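Single-structure report; data block below.
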Amino acid sequence: MINAQNFLKINRERTGISLQDMASIIGYDTGNLSKIESGKLDANMRVAMAYHLILKIPLERLFKYHYPEITFDCMGRASKLKSMLEEGFITTSLNKRIVSLDIVIDRLESLHKQYANA
């Protein structure tokens, strides 16, 4: 499987855009952009959006390698938060938060199943 960083590099190279040109277009240092493409640094939102816009990579494809990890981490945190809230005195306001967390957890579970098998 191609990791997300190699994915950026492969798509950039397929278009014929050099690393130096991409860095200039984005307004980024060539060395740092190289580190992002090799996985030594994480891409920030500006870099990710630039690759999306310049290379016409759909956002879903651009981030698909991150979905399983992010959905799993967020599910765990949402479940912990829900458990913590349920230990307290339940008020109407607190109950609404718990119901919202249930919706979020269900959504994340569905997404995790979808992308973990992709």
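Readers should treat all values here as calculations from the given coordinates under stated rules, not as data from a laboratory. Please read these numbers as outputs of a predicted model, since none were measured by experiment. Positions of Cβ are generated from backbone atoms using ideal geometry, with glycine treated the same way; all protein chains shown enter the neighbour counts.
Some notes on this structure:
- Every pair of residues 6+ apart whose Cβ atoms lie under 9 Å, when the first sits in the stretch 93-117 and is closer than 14 Å to E69 by Cα while the second is in a helix (DSSP H, G or I) and of a type in the set (G, A, S): L108/A78
- Residue check for E69: over 20 Å from the mean Cα position of the chain (by Cα) and not polar (S, T, N, Q): no
- Residues located in the stretch 78-102, provided they are more than 21 Å from H112 (Cβ to Cβ) and outside any loop (DSSP other than H, G, I, E, B): M84, L85, E86, T92, S93, L94, N95, K96, R97
- Candidate set: the stretch 55-84, residues that are more than 20 Å from E109 (Cα to Cα) and not charged (D, E, K, R); chosen: the one surrounded by the fewest Cβ atoms within 10 Å (Cβ to Cβ): P58
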